[in-house]
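Worksheet for the structure shown next.
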Amino acid sequence: MTHPFVAAVAAVADTAANGVMIVESGVLRYANLSARDSLASGAEAISPVLAGIVDAARRSGFWSGAVTDPAEVPGELVASAWMVDAGTGSDIAMVVVSRTPAALDPPADVDLRDVSGDVQRRAQEQRVVSALHRISVTGSADHLANAILETVPPLFDAEHVLILRPVPDGESMAVLGATGRTTRELEGMQVRASGIAGYVMREGTPVVCVDTARETRFDASEMRRYGLRSAAAVPVPGSPENWGVLAVYRESAGVVTPDALTVLIILADVLGAAVHRTDLEHRLRHRSRVDPVTSLDNRTSGYRRLDDALAAGRDDGRLTAVVLIDLDGFRSVNETFGFAAGDALLAAVAPVISGAARRGDAVARLGADQFAVICPGLTSTFEATDLATSVLAALAEPFSVEGRGTVVTACAGVAVGHGNRTAADLVREADIAVAAAKRRGPGHVEVFDAAAGGALRRRWAVATDLRAAIDADDLTVVYQPVFDIDIGVLVGVEALARWTSPTLGPLGPDEFVPAAEQAGLIAALGERVLRRACRDAVAWHRLLDGTGTGTGTGTGDGSVGSTAPTVHLRVNVSPLQLRTPGFLATVDDALADSGLDPSTFGIEITESVWLEDSDTVRSALRGLHERGIRILLDDFGVGHSSLGSVTRFPLLDGLKIDRSFVAELSVARSEAVVGAMVSVAEAFGLDVIGEGVETPEQLATLRRCGCRLAQGYLLGRPTDADSVAALVRAGGVLAAPGPSP
Ligand code: C2E
Ligand code: CA
Ligand code: CA
């Protein structure tokens, strides 16, 4: 029966570049491919050389030295042999043979043939071997990597061990695993390929650096930066090329014994075989992403996840939130009870936070006592604040730390953003919000707002009230008439949202629309306005058709209905709303629901929508256009918009000249500008609407400029649906200001 140790070694060593053999009670139990090529030529009978090696090992537990190759392969062999403690009464020796690396370029003070009998070192080597043994038997690759990272330093008198892997760019090596004071933080990071590890990769041989001060073969500056003076690095074999590098570093100059180097080569071989056999690489990558105390994502991978979530939001228009949880008084736990207690508390807090997170959220530990919940795919800020509240509530429930019941208070800061933000932006903002929450006391949640201080709180209060108002459909819509100023007849209306907050009083859309945008409520708000406006517009159209009053075309307003133009409906659409994936479906539904003819409907958007070159927005605009829905560019002339945009956006149906231009129309230069806007727009077949007409002079000048459509307080204030109906019934005739002579 095969001994389990033999099976385990076979599992990892079969493809190893070095010869690996196991001799049990004088019988060759196992030889890998490389070994069969050299020492262990016979089947079960062992060669005298091999028998000698095993005898030497049996005497002192360990033997290492140079041997001659009976197969007469050119080159020199270094053999190491250990007695394996694999059970009572067993007589199992493990023999590893490596060809002396010709390119090893040993410094003068290193004699590879020196077989020192140093007892202490041998004991250390034994430790490594027994660790290797243990792990070979359990067969777990990440244990193996851990054991290598942890047991190798004493053997080499080294402070640091790194497992590195080349990065495809060819310029760097990724650090997959690291131990040591300064190097642990290197995990998950990259070092320059010009250093020792890259050199080993390129040369394909072990390299010993006795002193970075004297190093000429590779760039040792990065080693020096970390305070490292000497190193030994060996390739980790893979197929067809070397997989990576196993490297040990010391903070002082010094030699590496050939025995130690041999052990390192063996470890690299075993590692290489394990990589081949298992998903070690995957596990190592995992290790570099995970916080060892809490097993949560560490800072690096937390940021990466946040960036990924933001990138996904760029495509689907969803919000991403980061909820930063900061424990109260954690420092004093550390100072009073020690770091172990602090770590235990953190480890206990982690599952509480994870338990409160939604599916699909990621939880990371960003710093000492700072956790982050990364929430992708949100439609409103409230989902994030609700989450923050439930995390804090969960922490306030007693939970167990090392068998004792504990409660923790914490504060939370929330930052929410769309795909145009970065992880760093959002974390910084959540940090500011957390600081604000801390000032208010334990258990508080704050949401970051670009406008600091009181404005932050007010905007949040607005959003909180607004959420309830949207749910209760408490918003109203008023309509500002748009007239054809040539003939003085109503041709359309612009829908404008109105709202009175129960706690803050009447608010203008200039305040509550941005608040809705920031809180992720704009899609819901826009939908309410849209549905209401569509229903109202259909009622006016019925008046025009003569069907609305139920008396047919011949009576009452019927005479008007035949001559008055259709009342077009225009609704303002926020860029964020347009980015919502369901936008087009909502429009379709509102139109179908109300029975409004799409050709009488249009949206007003600002230039920022066009500037945003996203698939969602582009296909939304194309979809609207295909339905015959008009697309108007609002606030034309301010911000980025310029005459150039007229030619740049083929889907555009009209421009609304911003109020500021109309207000300045008394100035001759402004008149020239507006005149130019009108002629360019007309050349492209676009409608032009002058906004904010307040005086008869402005109206007259607009007419002179060739602008046919206008709206403003002079012509009609925003008014309710009934008043629009009355105006329609009256023939839509512009009452007060006749054309100035
Ligand atoms: P806007 O699209 O430029 O709307 C025109 C604004 O100018 C309205 O202000 C209107 O009342 C005001 N106005 C009209 N004529 C005159 C005038 O002669 N003089 C002056 N000084 N102002 C005039 P309002 O209703 O406060 O809306 C402000 C902005 O809020 C709107 O600017 C629009 O961008 C946004 N908004 C309003 N309702 C909605 C909505 O339902 N959805 C979205 N996304 N945004 C909306
Ligand atoms: Ca508008
Ligand atoms: Ca406007």
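The values are calculated or read from the model by the stated rules, or taken from the named source; none is laboratory data. Quantities reported herein were computed from a predicted structural model and do not represent experimental measurements. Cβ: placed from backbone, ideal geometry, glycine included. Neighbour counts: every protein chain shown.
Would you check if there is a residue in region 594-610 being away from ligand 3 (no atom under 16 Å from the Cβ) and at pLDDT below 95?
no
I need a count of the residues in region 218-237 that are surrounded by fewer than 18 Cβ atoms within 10 Å (Cβ to Cβ) and without any contact (Cβ under 8 Å) to a residue 40 or more places away in the chain.
So the answer is 5.
Just the residues that are among the aromatic types (Phe, Trp, Tyr) and touching a residue at least 24 places away in the same chain (Cβ under 8 Å), please, taken from region 294-347.
TYR303, PHE330
Pick from ILE689, ILE657, ILE629: which is within 30 Å of TRP540 (Cβ to Cβ), touching a Leu at 6+ places or on another chain (Cβ under 8 Å) and not basic (Lys, Arg)?
ILE689
Could you list, in sequence order, all residues of region 463-481 that are away from ligand 3 (no atom under 16 Å from the Cβ), hydrophobic (A, V, I, L, M, F, W, C) and either under 22 Å from PHE448 (Cα atoms) or touching a residue at least 24 places away in the same chain (Cβ under 8 Å) (or both)?
Scanning region 463-481 gives ALA463, LEU466, ALA468, ALA469, ILE470, LEU475, VAL477.
I'd like the residue in region 684-712 that is outside any loop (DSSP other than H, G, I, E, B) and within 16 Å of ligand 3 (Cβ to nearest atom) and, out of all such residues, is farthest from VAL662 (Cα to Cα).
Filtering first and then ranking leaves ASP687.
For region 444-452, check the following and say yes or no: at least one residue is modelled with pLDDT of 95 or more and away from ligand 1 (no atom under 12 Å from the Cβ).
no
So in region 487-499, with the set limited to residues that are more than 15 Å from ligand 2 (Cβ to nearest atom), out of contact with any Ser or Thr (no Cβ under 8 Å at 6 or more places or on another chain) and in contact (Cβ under 8 Å) with a residue 24 or more places away in the chain, which one is nearest to PRO581 (Cα to Cα)?
This residue is LEU490.
Conditions: (1) farther than 20 Å from LEU544 by Cβ; (2) within 16 Å of ligand 1 (Cβ to nearest atom); (3) touching a residue at least 60 places away in the same chain (Cβ under 8 Å). VAL724 meets all but one. Number of the miss?
(1)
One residue is enough: does region 552-562 have a residue meeting the conditions part of a helix (DSSP H, G or I), hydrophobic (A, V, I, L, M, F, W, C) and either modelled with pLDDT under 95 or surrounded by 15 or more Cβ atoms within 10 Å (Cβ to Cβ) (or both)?
Taking every residue of region 552-562 in turn, at least one turns out to be part of a helix (DSSP H, G or I), hydrophobic (A, V, I, L, M, F, W, C) and either modelled with pLDDT under 95 or surrounded by 15 or more Cβ atoms within 10 Å (Cβ to Cβ) (or both).
All but one of (1) free of Cβ contacts under 8 Å to residues at least 12 places away in the same chain; (2) in contact with a Lys or Arg (Cβ under 6 Å, 6 or more places away or on another chain) hold for CYS411; state the number of the condition that does not hold.
So the condition that CYS411 fails would be (1).
What about VAL538, is it part of a helix (DSSP H, G or I) and not assigned by TED's automatic domain parsing to the domain that holds SER723?
Against the criterion (part of a helix (DSSP H, G or I) and not assigned by TED's automatic domain parsing to the domain that holds SER723), VAL538 does not qualify.
Right, LEU267: closer than 15 Å to ARG165 by Cα and modelled with pLDDT of 65 or more or not?
It is false that LEU267 is closer than 15 Å to ARG165 by Cα and modelled with pLDDT of 65 or more.
Considering region 647-683 alone, what residues qualify as being more than 16 Å from ligand 3 (Cβ to nearest atom) and of a type in the set (Ser, Thr, Tyr)?
THR647, SER666, SER670, SER679, listed by residue number.
Looking only at region 30-87, how many residues end up being at pLDDT 60 or above, surrounded by fewer than 16 Cβ atoms within 10 Å (Cβ to Cβ) and of a type in the set (A, V, I, L, M, F, W, C)?
4
Counting residues that are over 18 Å from the mean Cα position of the chain (by Cα) and over 12 Å from ILE325 (Cβ atoms), which strands (runs of 3 or more DSSP E) fully inside region 352-402 reach at least 1?
399-401
Which one is farthest from the chain's Cα centre (by Cα), of the residues in region 567-585 that are assigned to a helix (DSSP H, G or I) and touching a residue at least 60 places away in the same chain (Cβ under 8 Å)?
Filtering region 567-585 for residues that are assigned to a helix (DSSP H, G or I) and touching a residue at least 60 places away in the same chain (Cβ under 8 Å), the one farthest from the chain's Cα centre (by Cα) comes out as PHE583.
Tell me, yes or no, whether region 416-428 has at least one residue that is assigned to a helix (DSSP H, G or I), of a type in the set (A, V, I, L, M, F, W, C) and free of Cβ contacts under 8 Å to residues at least 60 places away in the same chain.
Looking through region 416-428, none of the residues is assigned to a helix (DSSP H, G or I), of a type in the set (A, V, I, L, M, F, W, C) and free of Cβ contacts under 8 Å to residues at least 60 places away in the same chain.
If you scan region 495-532, which residues turn out to be surrounded by fewer than 21 Cβ atoms within 10 Å (Cβ to Cβ), touching a Pro at 6+ places or on another chain (Cβ under 9 Å) and under 16 Å from ALA472 (Cβ atoms)?
Result: ARG498, THR500.
Confirm whether GLY716 is within 16 Å of ligand 1 (Cβ to nearest atom), out of contact with any strand residue (DSSP E or B) (no Cβ under 8 Å at 6 or more places or on another chain) and not in a helix (DSSP H, G or I).
no
Only residues that are in contact with a helix residue (DSSP H, G or I) (Cβ under 8 Å, 6 or more places away or on another chain), loosely packed, with under 14 Cβ neighbours inside 10 Å and among the β-branched types (Val, Ile, Thr): list them for region 647-678, please.
Correct list: empty.
Kindly check whether there is at least one residue in region 691-704 that is farther than 26 Å from LEU530 by Cα, within 11 Å of ligand 1 (Cβ to nearest atom) and surrounded by fewer than 20 Cβ atoms within 10 Å (Cβ to Cβ).
Looking through region 691-704, at least one residue is farther than 26 Å from LEU530 by Cα, within 11 Å of ligand 1 (Cβ to nearest atom) and surrounded by fewer than 20 Cβ atoms within 10 Å (Cβ to Cβ).
Quick one: in region 188-217, of everything that is free of Cβ contacts under 8 Å to residues at least 60 places away in the same chain and among the hydroxyl-bearing types (Ser, Thr, Tyr), which residue is nearest to GLU241 (Cα to Cα)?
So, considering only residues that are free of Cβ contacts under 8 Å to residues at least 60 places away in the same chain and among the hydroxyl-bearing types (Ser, Thr, Tyr), the one nearest to GLU241 (Cα to Cα) is TYR199.
Keeping to region 637-661, report how many residues are modelled with pLDDT of 70 or more and in a loop (DSSP other than H, G, I, E, B).
Adding up the residues that qualify gives 8.
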